[in-house]
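Q: Please read through the structure below; I'll follow up with questions.
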Amino acid sequence: MINTPPPAIELRGISKRFGTVQANKNISLSVKPGTIHGIVGENGAGKSTLMNIIFGLHQPDEGQILIDGNQVSIKSSADAISLGIGMVHQHFMLVPKFSVLENVMLGNEGGPLLSQGRDGVLAELKRLADTYGMHVDPNALVENLPVGTRQRVEIIKAMRGGAQILILDEPTGVLTPQETIGLFDILRELRDSGVTIIIITHKLGEIMDVTDAVTIIRNGTCVGERVTNETDTGELAELMVGRKVLLRVDRGEASPGEIRLAVRDLGCFREDGSKVLDAVSFDVQAGEILGVAGVAGNGQSELLEILSGMRRQDEGTIDLMGECLSIDHANSPRTMRETQLGHIPEDRHHHGLVLDFEARENLIFGFHQDARFGEGQFLAPGAIHAHGRSLIEQFDVRPDNPELPASKFSGGNQQKLVIAREMEEEPRILLVGQPTRGVDIGAIEFIHKQLIELRDRGCAILIVSVELEEIMGLSDRIMVMNDGRVVGTIARSEANERKLGLMMAGLSQDEAA
């Protein structure tokens, strides 16, 4: 008789309420040891809350947690770590000014003398590098590391605590496709060595690629479990959303009009004098979407910052609605907005929202001096509330409470708040950075639909995204950047992932063809 090992982790009847919001309701699931188990669901479905309960950051109102068949009480993250549970959060928890070594040691110094713990950590870093390919310079400052390497440091820190159960919350939300491939290779190595992995992701292609089984959560309840190789993205999407979901962008052909944004020989420099943007030139016409493709860090972010007024250019000109803005022009986000330019920034936390402010307040930022919302220094709370409630309903933001602080919404619903604010004003030009970063499949469908409808109403839209599938689905033309330069611009009908990938690597359009 073969003895079947108990689940590495099992949840029985877990429920959790925050005020009037039922985040989790009677959720039960089990995860086999030595497997990669996916958790999927819409933004706000309760996935992160459930994982935070496992890691001791929240306490369940009801239910039991079992580790290796034994019921446990997890009152804090220290309890979780002592039970062999590690967690890599959606928003990294590293200290940017500290080195890799210092971050890995933080909270687990290994004794009263730092030198005692230092040698042990260095040995552990070498072991993890040799075993799983997680190579990181221990002396490098975290603030100087690319995003994919920072995440590797988070995994190393969790593994250094002896984790045999590793939870990753939206681990690829800020990674390039190449970094995602590297991460999944590491996860498979960990799984094959016996580590149990739980991964939350809204990207169904990744679920199909890397997991062994998947649990689907909708509105705080478990609505299904599937063996990954016995399902498909269509079924998972329908279970997540409760209806059939269109997994492609539904769009007609564009009808481009006049040029609304013309950029010529745009350049800007780093502190060391090297160029981050070099002679960048392009046009965006009314009624079209120009997509910008490129590996993160090749000048796309700086381009958006300059065009939105957040950063000054050092060279070149920007013609915005017929007004030429040179390096002597005092650009600012406010002056750009006055020209009917909208901006959905790449980083919603730092540039799109004030997290401690209510949703209704965030929904008028940049337009708060408009007569609709008050007179002079006096705001009109009733008008602001009605405006917020209308946009929350129109853009399907959940929960539908305009008085909640922005910090209380999931990442995808925070993104909807930013998109609602910028689109509501019917901008003539819209800059969009990573439109669906950290957003679930249902919300992606909604956001894409809104962008296409805005284009069809005549808006000139510039989109930057590291998601090639998104760029190809939304764009009418695609501009590829490498090392701060424009490699080439091609029509949507001529684009494919291979050609774009080669151009992103620096090959010319003719060479890629």
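Q: How many residues does segment 425-442 hold that are touching a helix residue (DSSP H, G or I) at 6+ places or on another chain (Cβ under 6 Å), touching a residue at least 40 places away in the same chain (Cβ under 8 Å) and on the phi < 0 side of the Ramachandran plot? Spell out how you get there, then give the answer.
A: Kept after step one, since they are touching a helix residue (DSSP H, G or I) at 6+ places or on another chain (Cβ under 6 Å), are these residues of segment 425-442: 431, 433, 435-436, 438-442.
Next, only the ones that are touching a residue at least 40 places away in the same chain (Cβ under 8 Å) stay: 431, 433, 435, 438-442.
Now restrict to residues that are on the phi < 0 side of the Ramachandran plot: 431, 433, 435, 439-442.
Total meeting the criteria: 7.
Q: Moving to a separate point now. For residues in segment 240-254 being of a type in the set (Gly, Ala, Ser) and in contact (Cβ under 8 Å) with a residue 40 or more places away in the chain, which is nearest to Glu445 (Cα to Cα)? Quick ask: steps written out before the conclusion?
A: Let us first name the residues in segment 240-254 that are of a type in the set (Gly, Ala, Ser), namely 242, 252, 254.
This time we only want the ones that are in contact (Cβ under 8 Å) with a residue 40 or more places away in the chain, so: 252, 254.
Values: Gly252: 15, Ala254: 19 Å.
Step by step, filter segment 240-254, then rank; the result is Gly252.
Q: Separate question: Looking only at strands (runs of 3 or more DSSP E) that lie completely in segment 25-76, which have at least 2 residues being in contact with a helix residue (DSSP H, G or I) (Cβ under 6 Å, 6 or more places away or on another chain) and either of a type in the set (Val, Ile, Thr) or under 13 Å from Asp169 (Cα atoms) (or both)? Working first, answer last.
A: Working: elements: 36-40, 62-67, 70-72.
It comes to 36-40.
Q: Would segment 461-470 turn up any residue that is within 23 Å of His343 (Cα to Cα) and surrounded by fewer than 18 Cβ atoms within 10 Å (Cβ to Cβ)? I'd like the intermediate steps shown before the answer.
A: Here is the first cut: in segment 461-470, the residues within 23 Å of His343 (Cα to Cα) are 461-470.
Pick out the ones that are also surrounded by fewer than 18 Cβ atoms within 10 Å (Cβ to Cβ) and you get 469.
Yes: one or more hits.
Q: Could you check how many residues of segment 272-292 are open to solvent by 10 Å² or more (accessible area, probe 1.4 Å), touching a residue at least 60 places away in the same chain (Cβ under 8 Å) and under 19 Å from His343 (Cα atoms)?
A: 2
Q: A follow-up question, please. Restricting attention to segment 224-238, which residues are within 15 Å of Lys203 (Cα to Cα) and touching a residue at least 24 places away in the same chain (Cβ under 8 Å)?
A: Matches in segment 224-238: Thr228, Asp232, Thr233, Leu236, Ala237.
Q: If you check Phe269 against the conditions, is it over 26 Å from Arg421 (Cα atoms), open to solvent by 30 Å² or more (accessible area, probe 1.4 Å) and among the aromatic types (Phe, Trp, Tyr)? Give the steps one after another, and end with the answer.
A: Working: over 26 Å from Arg421 (Cα atoms): yes; open to solvent by 30 Å² or more (accessible area, probe 1.4 Å): yes; among the aromatic types (Phe, Trp, Tyr): yes.
Yes: the conditions hold for Phe269.
Yes/no per residue for (1) more than 14 Å from Gly484 (Cα to Cα); (2) modelled with pLDDT of 90 or more; (3) of a type in the set (Gly, Ala, Ser):
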| site | (1), (2), (3) |
| --- | --- |
| Lys244 | yes, no, no |
| Ala254 | yes, yes, yes |
| Gly267 | no, yes, yes |
| Arg270 | no, no, no |
| Ser281 | no, yes, yes |
| Val284 | yes, yes, no |
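Q: How many residues are surrounded by fewer than 21 Cβ atoms within 10 Å (Cβ to Cβ) and either in contact (Cβ under 8 Å) with a residue 40 or more places away in the chain or touching a Phe, Trp or Tyr at 6+ places or on another chain (Cβ under 9 Å) (or both) if we restrict to segment 348-378?
A: 11
Q: Show the residue pairs meeting these rules: Cβ distance below 9 Å; 6+ apart or different chains; first residue within segment 388-404 and over 18 Å from Ala45 (Cα atoms); second residue of a type in the set (Gly, Ala, Ser) and surrounded by 18 or more Cβ atoms within 10 Å (Cβ to Cβ).
A: Note: pairs meeting the criteria are Gly388/Ala359; Leu391/Ala359; Leu391/Ala420; Gln394/Ala420; Pro402/Ala359; Pro402/Gly388; Glu403/Ala359; Glu403/Gly388.
Condition check ((1) at pLDDT 90 or above; (2) open to solvent by 30 Å² or more (accessible area, probe 1.4 Å); (3) touching a helix residue (DSSP H, G or I) at 6+ places or on another chain (Cβ under 7 Å)) across all residues:
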site	(1), (2), (3)
His89	no, yes, no
Val104	no, no, yes
Gln116	no, yes, no
Glu124	no, yes, yes
Leu128	no, no, yes
Leu141	yes, yes, no
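Q: Which ones in segment 45-58 are on the phi > 0 side of the Ramachandran plot and buried (at least 23 other Cβ atoms within 10 Å of the Cβ)?
A: Filtering segment 45-58 down to residues on the phi > 0 side of the Ramachandran plot leaves 46, 56.
Once the filter is applied, which keeps residues that are on the phi > 0 side of the Ramachandran plot and buried (at least 23 other Cβ atoms within 10 Å of the Cβ), segment 45-58 yields only Gly46.
Q: To continue, here is another question. All but one of (1) buried (at least 18 other Cβ atoms within 10 Å of the Cβ); (2) under 30 Å from Ile217 (Cα atoms); (3) touching a helix residue (DSSP H, G or I) at 6+ places or on another chain (Cβ under 8 Å) hold for Arg248, so report the exception by its number.
A: Just one mismatch for Arg248, condition (1).
Q: Still on this structure, I have one more. From the list Ser475, Ser493, Ser465, which one is closer than 23 Å to Ile207 by Cα, among the small types (Gly, Ala, Ser) and at pLDDT 85 or above?
A: Values: Ser475 fails: closer than 23 Å to Ile207 by Cα; Ser493 fails: closer than 23 Å to Ile207 by Cα.
Unique residue meeting the criteria: Ser465.
Q: Across segment 401-431, what is the total count of residues that are out of contact with any strand residue (DSSP E or B) (no Cβ under 8 Å at 6 or more places or on another chain), outside any helix (DSSP H, G or I) and either modelled with pLDDT under 90 or over 19 Å from Asp356 (Cβ atoms) (or both)?
A: Residues in segment 401-431 being out of contact with any strand residue (DSSP E or B) (no Cβ under 8 Å at 6 or more places or on another chain), outside any helix (DSSP H, G or I) and either modelled with pLDDT under 90 or over 19 Å from Asp356 (Cβ atoms) (or both): 3 in total.
Q: I'd like to verify a number: residues in segment 119-160 that are among the aliphatic types (A, V, I, L, M), in a loop (DSSP other than H, G, I, E, B) and farther than 24 Å from Ser301 by Cβ, how many? Give the derivation first.
A: Of all residues in segment 119-160, those among the aliphatic types (A, V, I, L, M) come to 121-123, 125, 128-129, 134, 136, 140-142, 145, 147, 153, 155-156, 158-159.
Still in the list and also in a loop (DSSP other than H, G, I, E, B): 134, 136, 140, 145.
From what is left, the residues that are farther than 24 Å from Ser301 by Cβ are 134.
Looking only at that region, the number is 1.
Q: Turning to a different aspect of this structure: Look through segment 7-26, keep the residues that are open to solvent by 60 Å² or more (accessible area, probe 1.4 Å) and modelled with pLDDT of 95 or more, and return whichever of them is farthest from Thr221 (Cα to Cα).
A: Arg12
Q: Another one. Identify the residue in segment 474-488 that is open to solvent by 20 Å² or more (accessible area, probe 1.4 Å) and either assigned to a loop (DSSP other than H, G, I, E, B) or in contact with a helix residue (DSSP H, G or I) (Cβ under 8 Å, 6 or more places away or on another chain) (or both) and, among all such residues, is farthest from Asp283 (Cα to Cα).
A: Top of the filtered list is Asp483.
Q: Would you confirm whether any residue within segment 231-238 is crowded, with 19+ Cβ neighbours inside 10 Å and touching a helix residue (DSSP H, G or I) at 6+ places or on another chain (Cβ under 6 Å)?
A: In the first step, residues of segment 231-238 are kept if they are crowded, with 19+ Cβ neighbours inside 10 Å; the result is 231, 236-237.
Remaining after also requiring touching a helix residue (DSSP H, G or I) at 6+ places or on another chain (Cβ under 6 Å): 236-237.
Scanning segment 231-238, I find at least one residue that is crowded, with 19+ Cβ neighbours inside 10 Å and touching a helix residue (DSSP H, G or I) at 6+ places or on another chain (Cβ under 6 Å), so the answer is yes.
Q: Taking segment 379-408, which residues are open to solvent by less than 10 Å² (accessible area, probe 1.4 Å) and not aliphatic (A, V, I, L, M)?
A: Of segment 379-408, the ones open to solvent by less than 10 Å² (accessible area, probe 1.4 Å) are 388, 391-392, 395, 397, 402, 406.
Gly388, Phe395, Pro402, listed by residue number.
Q: Does any residue of segment 179-189 turn out to be open to solvent by less than 20 Å² (accessible area, probe 1.4 Å) and assigned to a strand (DSSP E or B)?
A: no
Q: Within segment 203-210, is there a residue that is basic (Lys, Arg), at pLDDT 85 or above and open to solvent by 20 Å² or more (accessible area, probe 1.4 Å)?
A: no
The values are calculated or read from the model by the stated rules, or taken from the named source; none is laboratory data. What you see is a predicted model; the values in this text were computed from it and never measured. When we count neighbours, we look across all protein chains shown, and the Cβ atoms used for this are built from the backbone with ideal geometry, even at glycine. For the accessible areas, the whole protein counts, side chains as well, though only heavy atoms, and no ligand, DNA or RNA atoms are used. Shrake-Rupley method; radii C 1.70, N 1.55, O 1.52, S 1.80 Å.
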